[in-house]
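Participant: Pasting a structure here, questions to come.
The values are calculated or read from the model by the stated rules, or taken from the named source; none is laboratory data. Please read all numbers here as calculations on a predicted model, not as lab measurements. Neighbour counts are summed over all protein chains in view; Cβ atoms, including those assigned to glycine, are modelled from backbone coordinates with ideal geometry.
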Protein chains: 2
Amino acid sequence: MSVADSVRIVEVGPRDGLQNEAAHLSIENRVAFIEKLLDAGLATVEAGSFVSPRWVPQMQGTDEVLRRLAGVGAGLPVLVPNLTGLEAAIAAGAREVAVFVAASEAFSLRNLNCSVDDSLERYAPVIERALEAGLAVRGYISCVLGCPYEGRVPSAAVVWLAARLHRQGCYEVSLGDTIGVGTPMQARTLVREVAGELPVGALAVHFHDTYGQALANIYGALQEGVSVVDASAGGLGGCPYARGASGNVATEAVVYMLDGMGVRTGVALPKLIEAVRFVHARLGREPASAVYRAMTARADATPTSGG
Amino acid sequence: MSVADSVRIVEVGPRDGLQNEAAHLSIENRVAFIEKLLDAGLATVEAGSFVSPRWVPQMQGTDEVLRRLAGVGAGLPVLVPNLTGLEAAIAAGAREVAVFVAASEAFSLRNLNCSVDDSLERYAPVIERALEAGLAVRGYISCVLGCPYEGRVPSAAVVWLAARLHRQGCYEVSLGDTIGVGTPMQARTLVREVAGELPVGALAVHFHDTYGQALANIYGALQEGVSVVDASAGGLGGCPYARGASGNVATEAVVYMLDGMGVRTGVALPKLIEAVRFVHARLGREPASAVYRAMTARADATPTSGG
């Protein structure tokens, strides 16, 4: 199978990124960050979440973020954990929501406070109501290539969950290697198995750089026909095991790779770099992203000889 | 073409890595570092260089390093820039040497102080003398996917150089993306073209993480039949454009990926991590490597929900 001519990047920095940052950004700064990402050409930007601010204070005021971006139109999904969150999202003008389940029982119990089956039960009316209200629904599955508590996760569980979410009405299912343990062949095998049950066009991949494998895994997934890739500007957030290059794959690394492969993304790398600079200045830290550093490094340094 | 069952990693940290570090390690520490790498299972460890200490003071005393490791046997190549360096290497007991040329004229002139043709002329008697003395000779080609001065480098230049080095007696030619600008399809195309002129088994790849692309490129090269990969423990050194994840690909990231793909390397990851810890403690800085951080991070941190 050949790699797609174009790839849609789902920018998750303003949600999956910022919710894992120690510094909490104001609504103004989050709106400005999202506007810069849209201006860079990202067609889908996850704008926030309606999880209780008690649990995720970084996402407080997502309703107001959506209202200020009302003119933008589609392409701003928000995460909703339940019906209450969904109703709040609808009231704020959301046109797309995302729901999340885990492929690992232990992870689901510890992080979502319910079993995998219960999470599906809980989401059924949420998805139904969202579809009735004319919203698009995206599904996340976490721990698809490993769980911090259970270790290996059977691919059959992922295939079953993905098919179920798709049948329930999720137009797209994002396969998340939440702890970043997967490697390219595992990623390809999983994508191939899931694509046996639902159209590969309905799949996205969501890789973390915990072990530096994200880009290689994405390249593997592309070779299986995947054409939607989740990424986070500057590598913001992600799994907070360790700081540095350990979170979500950096959007600019994905764009750089795809540019080099001649795959269209619609994203202008210099503008994306500016969005990364902007948000990190507000967070008060340097971006850990290699592409950011390389593109902003002084060009007068010369490499040494011999390899 | 399927990926090889086993891959030989050429560990370049003690040379290509340390020669680009600000801190200069003692001979004792360099020997101890190499011993730890060998103990981790690395079969080939580049032990140093015989470039003048005026240019590369970090490699001063490579002769003494080799003498202290005399019992090790083969598998310790050293870089030699000319006949003087070669004779010193032979006198110190070297059994393998490496020579280096650039695929870009401007890079060759600025960094090797001669044209590409002149560098080949200069190396011809070096390779000849090394072979006469019973040494194995490895060839490096730098700037194979881009040059900091010229930009694009024609693949025909790389193919021609690789064939020439192989014909001159280099048992292996390492294709180096010195400034790390390449992406997977470019890497694959180049490998395919070079492998049209010499056996793919005589090729190694040498990628840098300047733009975070190294592992994806390696995965691409493996799919073209490459089975020798250069890497540097902890991502030491490499191109000093920017600090952090910008140098050589980290050996532990390569081993992690290959382990996950079921490809044998003979390297024990925990022992390699110990070698990375050791050398960085001597250098007085933290390793930038994601795998190092993930494997040494406290395991009690928990990832957050929703992707």
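Participant: For segment A:7-51, enumerate the residues that are among the small types (G, A, S), farther than 19 Å from A:H206 by Cβ and surrounded by fewer than 24 Cβ atoms within 10 Å (Cβ to Cβ).
Facilitator: Result: A:A22, A:A23, A:S26, A:A32, A:G41.
Participant: Continuing with this model, one more query. Out of the residues in segment A:68-84 meeting the condition of being touching a residue at least 40 places away in the same chain (Cβ under 8 Å) and in a helix (DSSP H, G or I), tell me which one is surrounded by the most Cβ atoms within 10 Å (Cβ to Cβ).
Facilitator: A:R68
Participant: Any idea which residue in segment B:161-185 is nearest to the chain's Cα centre (by Cα), counting only those that are in a loop (DSSP other than H, G, I, E, B) and hydrophobic (A, V, I, L, M, F, W, C)?
Facilitator: Top of the filtered list is B:I179.
Participant: Could I ask something else about it? Could you list, in sequence order, all residues of segment A:1-33 that are under 14 Å from the mean Cα position of the chain (by Cα) and assigned to a helix (DSSP H, G or I)?
Facilitator: A:G13, A:P14, A:R15, A:D16, A:G17, A:L18, A:Q19, A:N20
Participant: Something else about it: Among the residues of segment A:237-257, write down those that are at pLDDT 50 or above and on the phi > 0 side of the Ramachandran plot.
Facilitator: Once the filter is applied, which keeps residues that are at pLDDT 50 or above and on the phi > 0 side of the Ramachandran plot, segment A:237-257 yields A:G237, A:G238.
Participant: Please identify the pairs in which a residue from segment A:178-201 that is more than 8 Å from every other protein chain (Cβ to nearest Cβ) has its Cβ atom under 8 Å from the Cβ atom of a residue that is among the charged types (D, E, K, R) and surrounded by 19 or more Cβ atoms within 10 Å (Cβ to Cβ), counting only partners at least 6 apart or on another chain.
Facilitator: Pairs that qualify, where the first residue is more than 8 Å from every other protein chain (Cβ to nearest Cβ) and the partner is among the charged types (D, E, K, R) and surrounded by 19 or more Cβ atoms within 10 Å (Cβ to Cβ), are A:A187/A:D177; A:R188/A:E224; A:V191/A:E224; A:R192/A:E224; A:A195/A:E224; A:V200/A:E224.
So that you can scan it fast, the table gives a plain yes or no per residue for (1) over 18 Å from B:R122 (Cα atoms); (2) at pLDDT 95 or above; (3) over 19 Å from the mean Cα position of the chain (by Cα):
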site	(1), (2), (3)
B:V65	yes, yes, no
B:R68	yes, yes, yes
B:L76	yes, yes, no
B:T84	no, yes, yes
B:A92	yes, yes, yes
B:A98	no, yes, no
B:A102	no, yes, no
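Participant: Given the conditions (1) part of a helix (DSSP H, G or I); (2) modelled with pLDDT under 95; (3) touching a Ser or Thr at 6+ places or on another chain (Cβ under 9 Å), which single one is not true for A:Y149?
Facilitator: (1) is the only condition that A:Y149 fails.
Participant: Those residues that are of a type outside the set (S, T, Y), in contact (Cβ under 8 Å) with a residue 24 or more places away in the chain and more than 8 Å from chain A (Cβ to nearest Cβ), I need them from segment B:286-301; list them, please.
Facilitator: B:P287, B:M295
Participant: If we scan segment A:206-224, do we find a residue that is within 26 Å of A:G266 (Cβ to Cβ), surrounded by 24 or more Cβ atoms within 10 Å (Cβ to Cβ) and more than 12 Å from chain B (Cβ to nearest Cβ)?
Facilitator: The answer is no; no qualifying residue exists.
Participant: Would you mind finding the one in B:V51, B:V101, B:V65 that is in contact with a helix residue (DSSP H, G or I) (Cβ under 9 Å, 6 or more places away or on another chain), touching a residue at least 24 places away in the same chain (Cβ under 8 Å) and part of a strand (DSSP E or B)?
Facilitator: B:V101
Participant: With the structure loaded, tell me whether B:A89 is buried (at least 21 other Cβ atoms within 10 Å of the Cβ), in contact with a strand residue (DSSP E or B) (Cβ under 9 Å, 6 or more places away or on another chain) and not in a strand (DSSP E or B) or whether it fails that test.
Facilitator: For B:A89, the condition - buried (at least 21 other Cβ atoms within 10 Å of the Cβ), in contact with a strand residue (DSSP E or B) (Cβ under 9 Å, 6 or more places away or on another chain) and not in a strand (DSSP E or B) - is met.
Participant: I've got another one for you. Taking the conditions exactly as written (of a type in the set (S, T, N, Q) and farther than 25 Å from A:A231 by Cβ), does A:S174 satisfy them or not?
Facilitator: Criteria not met by A:S174.
Participant: Turning to a different aspect of this structure: If you check A:P125 against the conditions, is it free of Cβ contacts under 8 Å to residues at least 24 places away in the same chain and away from every other protein chain (no Cβ under 14 Å)?
Facilitator: Considered against the rule, which asks whether it is free of Cβ contacts under 8 Å to residues at least 24 places away in the same chain and away from every other protein chain (no Cβ under 14 Å), A:P125 comes out as no.
Participant: Please specify each residue of segment A:15-41 satisfying the condition of being modelled with pLDDT under 95 and more than 14 Å from chain B (Cβ to nearest Cβ).
Facilitator: A:A23, A:H24
Participant: Does segment B:234-250 include one or more residues that are of a type in the set (A, V, I, L, M), over 13 Å from the mean Cα position of the chain (by Cα) and surrounded by fewer than 24 Cβ atoms within 10 Å (Cβ to Cβ)?
Facilitator: Yes, segment B:234-250 has at least one match.
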